[in-house]
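The values are calculated or read from the model by the stated rules, or taken from the named source; none is laboratory data. Note that the structure is predicted; figures quoted are calculated from it, not measured. Neighbour counts run over all protein chains shown; Cβ positions are idealised from the backbone, glycine included.
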Amino acid sequence: MRRLRLSFGVVLAGLWGAAGAASAMEAGTGDPVRGGELWAQQCAMCHALSPAAEEGLGPHLADLIGRPVAGVEGYAGYSEALRALAGQGAVWDVERLRAFLRAPYREVPGTRMGFGGLDSASDTDHLIAFLTEAGPDASTAESGFRVPREVLAIEGETDWGEFLAAECSTCHRRDGSADGIPAITGWDTRSFVTVMHAYREKVRPNPTMQTIAARLSDEEIAALAAYFATLERAPH
Ligand code: HEC
Ligand code: HEC
């Protein structure tokens with residue numbers, strides 16, 4: 001499955017080089033409705049679309065296109081990495097956003113955003129089309145799913161997490177390399193916990209991860225988050 005996606009990506013990369021292809025993509029070939037679905041499944045658990053909304057794990061993303069990087073003043077959680085980029089005067093134009101959403105850790109090594117990246121260039125275009133159009137009325141795309149503060153605050157036991165991780169390592173590599181299965185090492189623990197709960201509550205669609213997360217208690221998820229946070233991120 002991933003392998004197919006990969007070769008599709010290679011084909012796209014080939015097209016990308018062809019004259020004019022990049023500017024055609026730039027013009028916005030994405031479907032904002034599909035982008036809204038992706039938003040609800042992949043982003044809304046951590047981000048709001050309106051400055052007035054309850055603060056999530058990540059900064060709100062209202063009026064994102066053209067906004068300065070790390071530019072939400074009331075948000076205290078920005079990483080050094082994102083702030084350093086902001087110091088260079090970077091803004092979220094379509095190119096930067098596309099690269100970041102495909103591979104956050106490669107684009108901004110050291111980001112605290114616990115998200116391995118969108119699977120395809122077309123998903124990225126859909127999401128960008130949605131974000132471009134999203135005004136205050138896009139609130140229907142807020143899934144409303146948030147992990148309660150008490151749950152995020154659970155202190156995970158690293159040793160227990162290491163024991164539980166045996167099950168995960170049949171698919172996810174402990175050395176942080178991603179070979180078809182996303183890397184989950186070196187994540188911010190609160191992001192890790194949020195994503196696991198999103199699978200458990202079936203907000204995130206992957207059936208394998210839904211089944212695995214359904215068997216885990218809040219404490220077990222916290223322990224896994226604590227353990228995987230101690231492992232190094234993949235070298236790029
Ligand atoms: C598990 C939580 C989580 C998920 C899921 C997530 N994000 Fe983030 N996001 C964050 C955090 C935390 C930050 C702050 C990162 C930093 O400072 O390094 C962030 C930062 C960002 C930024 C930079 C904002 C700024 O003000 O500079 C953008 C853009 C962004 N996320 C878009 C998205 C999109 C689009 C999705 C869905 C495809 C998504 N994120 C999914 C947690 C998340
Ligand atoms: C049978 C293989 C398999 C096992 C076992 C497995 N995973 Fe996964 N995991 C996946 C796949 C495939 C994905 C990508 C799912 C998607 O696209 O949403 C994933 C995604 C994830 C993600 C989100 C990654 C991202 O970039 O958004 C986290 C976190 C995660 N798994 C944690 C775990 C933990 C913790 C365990 C052990 C308790 C575990 N997984 C066991 C296959 C597995």
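From 82, 12, 6, 38, grab the single residue that is outside any loop (DSSP other than H, G, I, E, B) and modelled with pLDDT of 95 or more. Give the derivation first.
Numbers: 12 fails: modelled with pLDDT of 95 or more; 6 fails: modelled with pLDDT of 95 or more; 38 fails: modelled with pLDDT of 95 or more.
From the options 82, 12, 6, 38, the qualifying one is 82.
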> Does residue 72 qualify as being away from ligand 2 (no atom under 16 Å from the Cβ), among the β-branched types (Val, Ile, Thr) and in a loop (DSSP other than H, G, I, E, B)?
Replying inline: yes
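If a residue must be of a type outside the set (Ser, Thr, Tyr) and near ligand 2 (Cβ under 9 Å from one of its atoms), how many such residues does region 162-183 contain? Break it down into steps so the answer makes sense when it comes.
First, pick out the residues of region 162-183 that are of a type outside the set (Ser, Thr, Tyr): 162-168, 171-176, 178-183.
Now drop any that are not near ligand 2 (Cβ under 9 Å from one of its atoms), which leaves 164-168, 171-172, 178, 180-183.
Qualifying residue count, region 162-183: 12.
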>> Cβ-Cβ under 8 Å, sequence separation 6+ or interchain: first residue in region 184-208 and closer than 17 Å to residue 231 by Cβ and within 11 Å of ligand 2 (Cβ to nearest atom), partner aromatic (Phe, Trp, Tyr) and in a loop (DSSP other than H, G, I, E, B). Which pairs?
In response: 191/115; 195/115
>> I'd like to verify a number: residues in region 111-142 that are at pLDDT below 90, within 28 Å of residue 189 (Cβ to Cβ) and more than 15 Å from ligand 2 (Cβ to nearest atom), how many?
In response: 2
> Of everything in region 163-211 that's in contact with a Leu (Cβ under 9 Å, 6 or more places away or on another chain) and away from ligand 1 (no atom under 16 Å from the Cβ), which residue is nearest to residue 120 (Cα to Cα)?
Replying inline: 180
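Confirm whether residue 198 is buried (at least 16 other Cβ atoms within 10 Å of the Cβ), at pLDDT 95 or above and either part of a helix (DSSP H, G or I) or under 16 Å from the mean Cα position of the chain (by Cα) (or both).
On the way: buried (at least 16 other Cβ atoms within 10 Å of the Cβ): yes; at pLDDT 95 or above: no; either part of a helix (DSSP H, G or I) or under 16 Å from the mean Cα position of the chain (by Cα) (or both): yes.
Here the answer is no, as residue 198 does not meet what is asked.
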> When region 201-236 is examined, which residues are found to be hydrophobic (A, V, I, L, M, F, W, C) and part of a loop (DSSP other than H, G, I, E, B)?
Replying inline: 203, 216, 231, 234
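Looking at this structure, is residue 215 within 9 Å of ligand 2 (Cβ to nearest atom), among the basic types (Lys, Arg), at pLDDT 95 or above and not assigned by TED's automatic domain parsing to the domain that holds residue 108? It would help to see each step written out before you state the result.
Numbers: within 9 Å of ligand 2 (Cβ to nearest atom): yes; among the basic types (Lys, Arg): yes; at pLDDT 95 or above: yes; not assigned by TED's automatic domain parsing to the domain that holds residue 108: yes.
When the stated conditions are applied, residue 215 passes them.
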> Which number in (1) more than 8 Å from ligand 1 (Cβ to nearest atom); (2) buried (at least 16 other Cβ atoms within 10 Å of the Cβ); (3) not β-branched (Val, Ile, Thr) marks the one condition that residue 113 misses?
Replying inline: (1)
> What residue, among those in region 93-110 that are in a loop (DSSP other than H, G, I, E, B) and within 16 Å of ligand 2 (Cβ to nearest atom), is surrounded by the most Cβ atoms within 10 Å (Cβ to Cβ)?
Replying inline: 108
>> Being surrounded by 15 or more Cβ atoms within 10 Å (Cβ to Cβ) and at pLDDT 90 or above narrows it down to one residue among 90, 48; which is it?
In response: 90
